[in-house]
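No value in this document is a laboratory result; all are computed from the given coordinates. Owing to the predicted nature of the structure, the values given are computational and were not obtained by experimental measurement.
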Amino acid sequence: MNLGFQFFFNSILLGIGLAMDAFSVSLANGLNEPTMPKGKMVKVAGVFSGFQFLMPLIGWFCVTMLLELFSAFEPFIPWIALILLCFIGGKMLLEGIRGCDEASDKCGVGLVALMVQGIATSIDALSVGFTIAHYNFVEALLASLLIGVVTFFICFMGLHIGKKAGTKLAGKAGIFGGAILIFIGIEIFVSSLL
C-alpha cells in the first residue's frame, strides 16, 4: 500500500476536478433557494459528496470485476448527464418564469430532484474507476473518501455563494439557476464528443 504524499495530492486534485459540476449545481440550488437553512445546506452538500464518494468505488469495482459491462455503458454517460441536468434545469426555468410564492417552499430543491442532480453530476466519476484500477480496495476506498470530503466542502461553498447571489437576484434566481444546469449538461455532453 502506497499512501504517500502523491496519493493524497492526486486524490484531492481528483476531488476538486470532479466536484466542479456539483459546485455549479450547488450554486444554482443556492440561487434557487436563497433562504435555505444551514441544515439543508449540509444535507444537499452531503448528497453530492455521497454520490462523488460512491461513483469512483463503483467504477473501481466495475473495472476490476465487470470490465466488459462497464465498457459497454461508458458511451451513454454523457447522454444520461445531459438528459438529467436539462430536465432539472428546465423545471427550474419554468418555476422561475412562473414565479414562486415567497411563503412557499415549492421552489426549493426537493429530495427527488436532489438525487437526480447527485447522479447527473457524479456519473462521470464512474470513469475514475479506470484511473484508480491499480489501487487495492483500501486505497480505492480512501481515494473515494477524499474525493467525497473535498466535494462536500466545495458544494457547501457553492450553496453559500448561490444563496448570497440569490438574495440579491430575488425572483430571477430560479431562471439563472436553471440555465446553469442546462449549460452544465450541454457542456458535459459536448466535452465528451471532443
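At a glance:
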item	result
Cα gyration tensor shape for segment 1-61, rounded if a/c is under 1.5, else prolate or oblate	prolate
When each of 43/91; 91/164; 38/91; 40/164 is checked by Cα-Cα distance, pairs over 18 Å	43/91; 91/164; 38/91
Difference of contour (0.36 nm per residue) and Cα-Cα distance, residue 16 to residue 142	43.8 nm
Using θ = phi - 60° and Karplus 6.51 cos²θ - 1.76 cosθ + 1.60, couplings along segment 42-51 (whole Hz; Gly, Pro as x)	5, 5, 4, 4, x, 5, 4, 5, x, 5
Difference of contour (0.36 nm per residue) and Cα-Cα distance, residue 186 to residue 131	17.4 nm
